[in-house]
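**Q** Starting off with a structure, shown below.
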Amino acid sequence: MKQLKILGLVAILAGLIIAPFTQATYGTYVLSSWLVFTVAAMGLNLTLGYAGQISLAQAAFMGIGAYSTALMTMAGLPWIASVVVGMGLCFVVGLILGYPALRVQNHFLAFVTLAFTTLAFLVMRNEEWLTGGIYGLVGVPRPSVAGLSLMDGTRYYFFTLGVFILASLSFWWLVNSPWGRAFKGLRENPIRANSLGVDTRLVTLLAFAIGAAYGGLSGALMAPLVQYIDPMSFTLIISLKILLMVVVGGSGYFFGPFLGAGLVIMLPEFLRFAEAYYLMIYAALVVFLMVVCPSGLLGLLSRGIAAIRSREPAERGDLKEGAQL
Amino acid sequence: MSDFLQLIISGLSTGSIYALAAIGFTLLWQASQTINFAQGEFVMVPAFFILIGSRVLGLPFPIAIGFGLAVAVFTLGFVFKRLVIQPMLPHGHLPIVMATIALAILMRELVKEFYSAEAQTFPALFSEQTFDVFGAVISHQDIGNLAVSAVAIIALQLFLGRTRTGRSMQATAQNPGVAEILGVNVQRMVLYTFMINAALATLASVLISPIYLAKFSNGEPIGLVAFLAAIVGGFNQVRGALVGGLLIGVIDNLSAAYLSSEYRIAGPMILLIVIILLRPQGLLGTSEGRTV
């Protein structure tokens, strides 16, 4: 089983390396943006899926990352420095924003983060001296690695893929470390986790802040990819889109965001024939999926596997609330 | 000074409409822990049901309002509860949040594609005439909106507090398990709550559409304000949502007039963050116990 999994991973990786050569420029661009959004969704998966804290601020964190990268690289500073600054900023803001999570329940946090996203959008739109206002920032340069320019789309795809793999590996390490188990404990039963000696305040804050830093990294990858950023790319609807990626794929599953981001990014391409009706079909599909399978696609899959092996699927504390009705 | 008075009164007028939406929102929350992210669209859509009634079917306007109300109570109350919310209830908050967000997008797109993407004029219930009070110009519409909302909210309070059905609904909201043991048909009470929410949303729609015009994109700001009002006032209190709605209406008006209009929405947002940090149960709310 384990060998099969490793084999599967190698196959997927090989597919990702070959993919851009089979695609035209646009296909490569779509693939790159899938990688970029997966990084953001991964971060939100940590906050939401592992630590059980709902956040609607992921797009705002992407914005912070993207604007710091754009401003710093356009001023001639190296990309890597801007990533450190962007992720650091997101981490600190995440800590500050995560603070209310210590005091209030899930749904209130959704509103605090919603308010934050709106405020961040207002600042991006109105502070023209810094962010260029509604016109945004044009001509974000792509970094070069070891003297090799990444202006070419395929090259930048491989750069993104490299960063993406690094981010996935550190995420894997994180959720399988004692920290990761503490996050899960927090999701399943915060009071029990506390009584078992988990510092729930610290863990909640960290889950929030690390998730935010992933958002910042995603933004830092996005700015050079599209080379043009404006406030409309970081509105509430984008936060919802990232949330959708996590939930549709299966929140709390490692590969959930990978699958979810793929669907959310690719589906518009497949639904293009439907033109004006595309959003309608899309929204109806989401409602349907949530009604039929609230634990997302991977949840459905693991339920199916468990049914074949005639075992009960693992219970999830966060999906049990409200059972009294 | 007269400007200030005028801003306060028109703020109270729109605030009372927000309060209707916010009250429906808190009712749903109390009855079934449903956070309805489509609440703004629930206010946007009934105006179009009424427009269909009066323009497409050719009904006279008052009957068209009745038609819109019936359609809204059926689709946004009954169908929404049975087909969308009920299957998800055993699975916690998150699926409901996602599904209602998607539903909001679906409703917006349906209106845009099948009715119109343009803003539609909507007949006002009250005349646009104005009169002066201490130099402040006050329109009949402002006073009318306030009065209609007040009557609706008082009627709702009387219904919830004085009738058997209303008290059963309250019992359901407070403790569904015990209510069931005492012979309350919990599912039916939850269904009533959803239908009342749809009716309140329709009323809000009738009052606000003459001011903002009926447009597919109206739901988003209205929904946001309804959340804000519910949180500021207190999630588990009808009067909390009322105070929250009025307060948000006034603050919104004042910050548009005295702060920069670019940051208009920032005023209520900052209020929201401050309230959640300092008094998470809301101004009038009582804190909810945490279950272990």
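The values are calculated or read from the model by the stated rules, or taken from the named source; none is laboratory data. As the structure is a computational prediction, the values presented were derived from the model and not from experiment. Counting neighbours? That spans all protein chains shown, and the Cβs are built from the backbone with ideal geometry, glycine included.
**Q** Go through segment B:69-104 and give me each residue that's facing another protein chain (nearest Cβ under 7 Å) and without any contact (Cβ under 8 Å) to a residue 24 or more places away in the chain.
**A** Answer for segment B:69-104, where residues must be facing another protein chain (nearest Cβ under 7 Å) and without any contact (Cβ under 8 Å) to a residue 24 or more places away in the chain: B:Val84, B:Pro87, B:Met88, B:Pro90, B:His91, B:Gly92, B:Leu94, B:Pro95, B:Met98, B:Ala99, B:Ala102.
**Q** Shifting gears a bit: Test B:Val43 against the criterion of being among the hydrophobic types (A, V, I, L, M, F, W, C), at pLDDT 90 or above and crowded, with 24+ Cβ neighbours inside 10 Å, and give yes or no.
**A** Details: among the hydrophobic types (A, V, I, L, M, F, W, C): yes; at pLDDT 90 or above: yes; crowded, with 24+ Cβ neighbours inside 10 Å: yes.
Yes, satisfied.
**Q** Here's another thing I want to ask about it. Please work out if B:Ala117 is surrounded by fewer than 19 Cβ atoms within 10 Å (Cβ to Cβ), assigned to a loop (DSSP other than H, G, I, E, B), touching a residue at least 40 places away in the same chain (Cβ under 8 Å) and within 14 Å of chain A (Cβ to nearest Cβ). Show your work before the answer.
**A** Working: surrounded by fewer than 19 Cβ atoms within 10 Å (Cβ to Cβ): yes; assigned to a loop (DSSP other than H, G, I, E, B): yes; touching a residue at least 40 places away in the same chain (Cβ under 8 Å): yes; within 14 Å of chain A (Cβ to nearest Cβ): yes.
Yes: the conditions hold for B:Ala117.
**Q** State all residues of segment B:180-190 that are surrounded by 15 or more Cβ atoms within 10 Å (Cβ to Cβ) and either under 21 Å from B:Phe235 (Cα atoms) or under 22 Å from the mean Cα position of the chain (by Cα) (or both); if no residue qualifies, say none.
**A** B:Val186, B:Met189, B:Val190
**Q** Can you find even one residue in segment B:216-227 that is crowded, with 23+ Cβ neighbours inside 10 Å and among the hydroxyl-bearing types (Ser, Thr, Tyr)?
**A** no
**Q** Could you say whether any residue in segment B:123-131 is in a helix (DSSP H, G or I) and either within 24 Å of B:Asp3 (Cα to Cα) or in contact with a helix residue (DSSP H, G or I) (Cβ under 7 Å, 6 or more places away or on another chain) (or both)?
**A** Scanning segment B:123-131 turns up no residue that is in a helix (DSSP H, G or I) and either within 24 Å of B:Asp3 (Cα to Cα) or in contact with a helix residue (DSSP H, G or I) (Cβ under 7 Å, 6 or more places away or on another chain) (or both).
**Q** Could you give every pair whose Cβ atoms fall below 7 Å, whose first residue belongs to segment A:120-134 and is within 10 Å of chain B (Cβ to nearest Cβ), and whose second residue is part of a helix (DSSP H, G or I) and β-branched (Val, Ile, Thr), counting only separations of at least 6 or pairs across chains?
**A** Short answer, once both residue conditions are applied: A:Arg125/A:Ile134.
**Q** Can you tell me how many residues within segment B:213-226 are over 15 Å from the mean Cα position of the chain (by Cα) and more than 12 Å from B:Ala104 (Cα to Cα)?
**A** Final tally of qualifying residues: 3.
**Q** Here is a follow-up. Is at least one residue of segment A:266-283 part of a helix (DSSP H, G or I), surrounded by fewer than 21 Cβ atoms within 10 Å (Cβ to Cβ), out of contact with any Lys or Arg (no Cβ under 7 Å at 6 or more places or on another chain) and at pLDDT 85 or above?
**A** No; the residues of segment A:266-283 include none that is part of a helix (DSSP H, G or I), surrounded by fewer than 21 Cβ atoms within 10 Å (Cβ to Cβ), out of contact with any Lys or Arg (no Cβ under 7 Å at 6 or more places or on another chain) and at pLDDT 85 or above.
**Q** Only one residue in A:Gly216, A:Gly197 is more than 14 Å from every other protein chain (Cβ to nearest Cβ) and buried (at least 24 other Cβ atoms within 10 Å of the Cβ), so which one is that?
**A** On the way: A:Gly197 fails: buried (at least 24 other Cβ atoms within 10 Å of the Cβ).
Only one candidate passes the filter, namely A:Gly216.
**Q** So, in segment B:33-66, exactly how many residues are within 14 Å of the chain's Cα centre (by Cα) and part of a helix (DSSP H, G or I)?
**A** So the answer is 9.
**Q** All but one of (1) more than 30 Å from A:Val292 (Cβ to Cβ); (2) within 14 Å of chain A (Cβ to nearest Cβ); (3) touching a helix residue (DSSP H, G or I) at 6+ places or on another chain (Cβ under 9 Å) hold for B:Ile181; state the number of the condition that does not hold.
**A** B:Ile181 satisfies every listed condition except (3).
**Q** Now a separate question. Take B:Arg239 and decide whether it is out of contact with any helix residue (DSSP H, G or I) (no Cβ under 8 Å at 6 or more places or on another chain), on the phi < 0 side of the Ramachandran plot and part of a helix (DSSP H, G or I).
**A** So B:Arg239 fails the test.
**Q** Within segment A:184-194, restricting attention to residues that are among the hydrophobic types (A, V, I, L, M, F, W, C) and over 19 Å from A:Phe254 (Cβ atoms), which residue is surrounded by the most Cβ atoms within 10 Å (Cβ to Cβ)?
**A** A:Ala193
**Q** While we're on this one: How many residues, within segment B:157-203, are among the hydrophobic types (A, V, I, L, M, F, W, C) and part of a loop (DSSP other than H, G, I, E, B)? Walk me through how you get there before you give the answer.
**A** Of the residues in segment B:157-203, the ones among the hydrophobic types (A, V, I, L, M, F, W, C) are B:158-160, B:169, B:171, B:173, B:178-179, B:181-182, B:184, B:186, B:189-191, B:194-196, B:198-201, B:203.
Within this subset, residues satisfying the condition of being part of a loop (DSSP other than H, G, I, E, B) are B:182, B:184.
Counting residues in segment B:157-203 that are among the hydrophobic types (A, V, I, L, M, F, W, C) and part of a loop (DSSP other than H, G, I, E, B) gives 2.
**Q** Also, I was wondering about something else. Just the residues that are of a type in the set (Val, Ile, Thr), touching a residue at least 40 places away in the same chain (Cβ under 8 Å) and either closer than 19 Å to A:Gly260 by Cβ or out of contact with any Phe, Trp or Tyr (no Cβ under 8 Å at 6 or more places or on another chain) (or both), please, taken from segment A:18-33.
**A** Correct list: A:Thr25, A:Val30.
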